Amino acid sequence: MKENTEDISYKFLTKEATACVNGIFIIIVFVSHLRTYMDLAPRLEWLLSSLSQLMVATFLFYSGYGVMESIRTKGMSYVKRIPLKRVLGVFAIYIPAVLLFAVMDLLLGIPFTPAQFGLSLVAWLNLGNSNWYIFVIICLYIITWISWMIADVFFKKNAETDEREKRRNIVAFVLLCLLTAGLVAVLIYTTPDYYYNTISAYIFGVFFSINKDRILKICGVDDTGKVRGVSRWIRYLVITVVMVVATYYIRYFTKANYKNTGFLIATVFFCMGVVLISYLLPFPDIIFRWFGEHLFEVSILMRIPMISLLYIPYLSKGGITYAIICFILTVLLAWIYHSVREKIAFFIRKRSKNKEKQAEVNE
């Protein structure tokens, strides 16, 4: 029997709610990327600098959480589809976007080498696009798949029970942690620190999914997904404040010393704080939800207008007009890109089903 993880009582953890949270942060990421091409107001600069890489932590956290929720609900049948559904699914979004950047670079006279182009297709390098998140999330999906496939070998002879599922998940989670630690060790010596200093968010997302009932109960959220009673509200508020304070204490305390390790720890506190704060937010919000549901498209494509508009004399120095046009064009690009991709995917699925039906008729 599979454990029922579709608990609608946790409304702040539904797909719609988590999309809204990610939508908020992808807009923050958009503003942060604008800093590369224009000056921002000092207070806004301070806010973005305070968040630093933490602004992308929820993307990894909710990815880990979502993957683990699917594993708990669908079992190994989902795990076996991770290479196709998750890994190739991300590449299907990413590679056409890289081709768009290649076209833009050629039109604007921005040079790149064949090797750079080839490595950009696998997200190791880039052509002006953001690539590190794609590279990291693909690696984490592959590591997740490997971990659960290996763990399943140890329990294959046992009957499918809830107890077997729990033991397999524990073994797989340990493997996930070990393999991710290996990935971080490699990235430390081969990439900038922003590739790996929030990677703990994904691990914590998986851990949170497995233990969310216990964790939320400790934080004052009862089985119905509500904070009821004065004592529970006090516990909830105290823990929420502790998460926020701990995040920034660790972040700034470790900045000069154990920056990378400290940031990995701060990321966990930050994600837990976001989860608790999201309990207070009204969901779903149509605007933030749209941005969250188009997270990949927005994050990958936003630099196309940011780069190309600089070649227009009136906008070459940035400014509010430049920022507004960048935002509008990013939304349009993301919408068109998503719509076209969905139509192509629908056509491929329809054609595949027609071939299967035709094969059955021929038999």
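The values are calculated or read from the model by the stated rules, or taken from the named source; none is laboratory data. Fair warning: this is a prediction, and the values are worked out from it, not measured in the lab. Cβ coordinates were reconstructed from backbone atoms using ideal geometry, including for glycine residues, and neighbour counts include every protein chain displayed. The protein model used for the area step is the full one, side chains on, heavy atoms only, and it has no ligands, DNA or RNA in it. Shrake-Rupley method; radii C 1.70, N 1.55, O 1.52, S 1.80 Å.
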- In Å², rounded to a whole number, the accessible area per residue of the chain with probe 1.4 Å is 52
- Task: Starting from the Cα of D39, move 7 Å in the Cα-to-Cβ direction to define the label point; list residues of the range 308-325 whose amide nitrogen is under 14 Å from there.
- Result: 317-320
- What length, rounded to one decimal in nm, is gained on full extension from I324 through to I142, with 0.36 nm per residue of separation minus their alpha-carbon distance? 61.7 nm
- Quick calc, T14 & L178: beta-carbon distance into FRET formula, R0 25 Å, rounding 0.05, result 0.20
- Item | Which of V242, S339, V230, positive extreme of dipole for the chain (C-beta unit charges) | V230
- Task: Pairs of Cα atoms under 8 Å, at least six residues apart: use those to get the relative contact order of the range 118-268, whole percent.
- Result: 17
- Could you pull out every whole DSSP H run in the chain that spans at least 20 Å of Cα extent along its own axis and averages 1.6 or higher on the Kyte-Doolittle scale? 88-108, 132-154, 259-278
- Too long at a 31 Å Cα-Cα cut-off: which of K15/K217; K11/K80; K166/K350; K11/K166; K11/K156; K85/K226? K166/K350; K11/K156; K85/K226
- Task: Measure off, as a whole percent, the carbon and sulfur share of the 1.4 Å-probe accessible area of the range 140-277, all protein chains present.
- Result: 70
- How do 235-248, 297-310 rank on mean C-beta neighbours within 10 Å, highest first? 297-310, 235-248
- Item | Within the chain, helix-based [θ] at 222 nm, where runs of 4 or more DSSP H residues each add -39,500 (n - 2.57), nearest 500 | -24000 deg cm²/dmol
- Enter the per residue convex hull volume of the range 66-198, computed from alpha-carbon coordinates, in Å³ rounded to the nearest integer. 113
- One would report the Cα pair-distance distribution of the range 1-110, bin width 10 Å, in %, as 11, 27, 32, 21, 8, 1
- Message: Full-extension gain between W233 and K166, please, as 0.36 nm times their residue separation minus the C-alpha to C-alpha distance.
- Response: 21.0 nm
- Note on the structure: Sorted on mean Cβ neighbours within 10 Å (highest first), peptides 185-191, 124-130 come out as 124-130, 185-191
- Message: Out of the total accessible area of the range 31-134 (probe 1.4 Å, heavy atoms of protein only), what percent is carbon and sulfur?
- Response: 69
- List the GluC sites (Glu not before Pro) within the range 121-183 that fall in a DSSP loop (any state other than H, G, I, E or B) and whose Cβ has at most 16 other Cβ atoms within 10 Å. E160
- Item | Label-to-label distance, nm, for residues given as K217 and Q116 (7 Å Cα→Cβ offset) | 5.6
- Of the listed values [x] 33, 31, 17; [y] 33, 29, 21; [z] 38, 27, 18, grab the one calculated as semi-axes √(5λ) of the Cα gyration tensor in Å from the structure here. [y]
